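Note sheet for the following structure.
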Amino acid sequence: MSKLSSASAASRVVSLNDLGRSRSPGQRMLADCRDQLVDGLTLWLRGVAKPVSEELFVLADSTRERLLQTRYLDLRADIEKDWLRLVETFRRELSAAAERCQNQDAEKSGQRPAALEVPDFEGLQLLDDADLSEHIVIREFSAQLSESCDEELYTLNRRVAALLGQDELLDSANPLAPAIVCESLSDACTTIGSDAEARLLLLRRLERHLHLALPPIYQQINAYLIERGILPNLKRNYRRATPSGNPGQPPGSLANATPVVAEAPATADGTAVLTSANILEALQRLGQARVGRLPAASAGDGAAHHGMALDGASLNQLLLTSLGELQQAPGGDAGGRIVNQVRMVGDSAGAQQLGGLGAVTIDIVAMLFDFIFDDTHIPLAIKALISRLQIPVLKVAMLNPGFFADRQHPTRRFLGSISGVSIRWGVSVDESDPLYRKLAELVDRIQAKFESDVEVFGSALAELEAFVNERESEESSTALTAANIVMLREQESASWERAQRAVKDFRNGTVLPPLIDDFLAEHWVGVLQAIAVREHSDADWQAANEAMRDLAWSVGAKKSPDERLRLIGLLPGLLAKLNKGLDSVGAGAAQRSAFFDALVQLHSSALKGDPPAPAASVAVVPAEPAAAFSPAAEGDLLVTRSIDHGVEVEDVILVGASPVWRADDREIFRLVSKLKRGDWVEFRDEENNTSRERLNWISPQRGILLFSNHRSAKAISIAPEALARQIRDGKARIVHEESIFERALSGALESMNTG
């Protein structure tokens, strides 16, 4: 494109904000988007009060710490009383904060940088621990929320930048950004709770729900802007040269290729990382060096070809034409061994005549596939799939060398998706798996149809993602069934502990005859558990505790007529309560009859004023002894399996472990505690077979981790400390998803740069 045509094109681009700020359509549309965000989040916040309140009740019911239980219940009461005030405060704070941010952005272009002022330090003060903790939580909350909304924010930031008349826009400058939402939510939480700890607790509860609520709201705002023509064709993929590029370079040249996402400059240990800009610079430098090393016949503007001088562009076109024929060839030799076809292309006569960037491109792509084929972590079946894409990838790189520097290029994203799918299989790939068959189908389609339009990769990526989402929704049904089973078991366990505490406290504080003491410990604790499990009202719980107290009082010696009259009036109702309770736990008729016969004798003695006879107890027939389980000194893993609603659930817990073990392996335990939904763990069984399972649910009560995979109706329910033990013993490992292609590309570029 000539400079004149470029200038003409640029003159037709009109900023939405150049007409004056007071009547800017961009500012008006942005205000509409702001209102949509405020309305959507306000509606969400009104509806989230009930689930948050229920979560606090579960937390209070499951904790043994009295102070913590009180904090949960107090916050729950505050929510029921003041939630509407919190919602209105949030609406007001979010509207004001978003408007301030928008106005600041609007004023920036017309302001000169203010002179640096150094004020005195009067009035400055250190943050106390509570405020500092709150600040850190909000910052983490905002970062995690931005990650959850990454896809929506990518396009929204660019559309907001267009509305503001800017080229680029950071999240912090977006008046609709998650940071502003989090700050406003934190400010609103000050209307509930008496201290910072209560506010943090409430923020943590709200965080879990906001991760699901915010992305759809951003999607609606993006749809609104698309309807009004604001970057309607914007997609998260690569983009061509910008007008600010080097006008002396052709539009498709490397110098004008603009990366969408920049890399970090270095790793945590200080090792240099190839950034997008560095990649572009390195490729140009290597290309220039390659030209300098070419023979005179092939250097410069042309090369001898059948007696006729051909320039680099013609040579590239001839090579691309020949690649079309090679693209249909199989990827392995007669023995089934995977062959690097790109390296064969580089050794051909036509490729040898290439100079500069073309030759470097072939070398990098060949080296890239060398890295992939030599990677011992990649199963052979996956390598075979990737090998079919060698020529299409080479053609993409030849057509657009900026491909190497653009993480959002459809080709790179599709190759990265292979990593996401193959992580499910580990070292053993199931080629009959529907996901593998779908991936193979898409690879074959690309190999057969790709010519020059990279959207073939984009459409394949979209189809694969839709297929994966469909399979994951099926997997979610298994995970949901298993999660309900785990929740029920947790509820039963928590209810048992609550009932045990109630009976134990009463027995410790009351002198009881053996008959009553045994009855409470062996039968009435089950009645209390049944009430807690079924989540009956507090009145049912109190009535059961009152029956326990009345039973103990009824067997004591009655010295006065009033006490005897009270006992006579109490007995019919008390016996009815005891029978009803025993009905709820399915008590046997024989044991029930023996107990009530002995109880009659105690009541008879009580009416006569005699103390209960020490020998008045009922012999309990012992049940069949359970298999003995004696944990090791540092604890042992206990595994149980059951099938419920067609889903096999494997429960793994660590029993008998002292806190010393967790101190010794606290780093592993820390890694386990950082696991989040969607992470993968590889488990190894006693026969050394491995399976990879995805974390689908984390219990809000006890942090139980629930893993499953789409391949079977099976789930693993494992306590965090049990998983840490398995990792320590080499029976499990956390799998970090890493792009096969990105790892190979990084290795290839570093090798070229240091070679």
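Only one of the numbered conditions (1) surrounded by fewer than 17 Cβ atoms within 10 Å (Cβ to Cβ); (2) modelled with pLDDT under 85; (3) not polar (S, T, N, Q) is not met by residue 55, and that is (1). Output yes when any residue across the range 424-432 is within 26 Å of residue 365 (Cα to Cα), small (Gly, Ala, Ser) and modelled with pLDDT under 85, and no when none is. Yes, some residue in the range 424-432 is within 26 Å of residue 365 (Cα to Cα), small (Gly, Ala, Ser) and modelled with pLDDT under 85.
Here are some residues: 2, 24. Which one is at pLDDT below 85, of a type in the set (Gly, Ala, Ser) and assigned by TED's automatic domain parsing to the domain that holds residue 198?
Exactly one of 2, 24 is at pLDDT below 85, of a type in the set (Gly, Ala, Ser) and assigned by TED's automatic domain parsing to the domain that holds residue 198, namely 24.
For (1) among the β-branched types (Val, Ile, Thr); (2) at pLDDT 80 or above; (3) assigned by TED's automatic domain parsing to the domain that holds residue 543, each residue gets a yes or a no:
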residue: 571; (1), (2), (3): no, yes, yes
residue: 574; (1), (2), (3): no, yes, yes
residue: 582; (1), (2), (3): no, yes, yes
residue: 591; (1), (2), (3): no, no, yes
residue: 601; (1), (2), (3): no, yes, yes
residue: 623; (1), (2), (3): no, no, no
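Looking across the range 523-573 at every residue that is among the basic types (Lys, Arg), touching a residue at least 24 places away in the same chain (Cβ under 8 Å) and assigned to a helix (DSSP H, G or I), the one that is surrounded by the most Cβ atoms within 10 Å (Cβ to Cβ) is identified as 564. So if I check each of 460, 440, which one is in a helix (DSSP H, G or I), at pLDDT 85 or above and not assigned by TED's automatic domain parsing to the domain that holds residue 363? Residue meeting the stated conditions: 460.
This table checks each residue for (1) within 18 Å of residue 211 (Cβ to Cβ); (2) of a type outside the set (Ser, Thr, Tyr); (3) in contact with a Leu (Cβ under 7 Å, 6 or more places away or on another chain).
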position	(1), (2), (3)
670	no, yes, no
675	yes, yes, yes
679	yes, yes, yes
685	no, yes, no
692	no, yes, no
697	yes, yes, yes
707	no, yes, yes
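The values are calculated or read from the model by the stated rules, or taken from the named source; none is laboratory data. Quick caveat: nothing in here was measured; it's all calculated off a predicted structure. Glycine also receives a Cβ, built like all others from the backbone with ideal geometry; neighbour counts cover every protein chain displayed.
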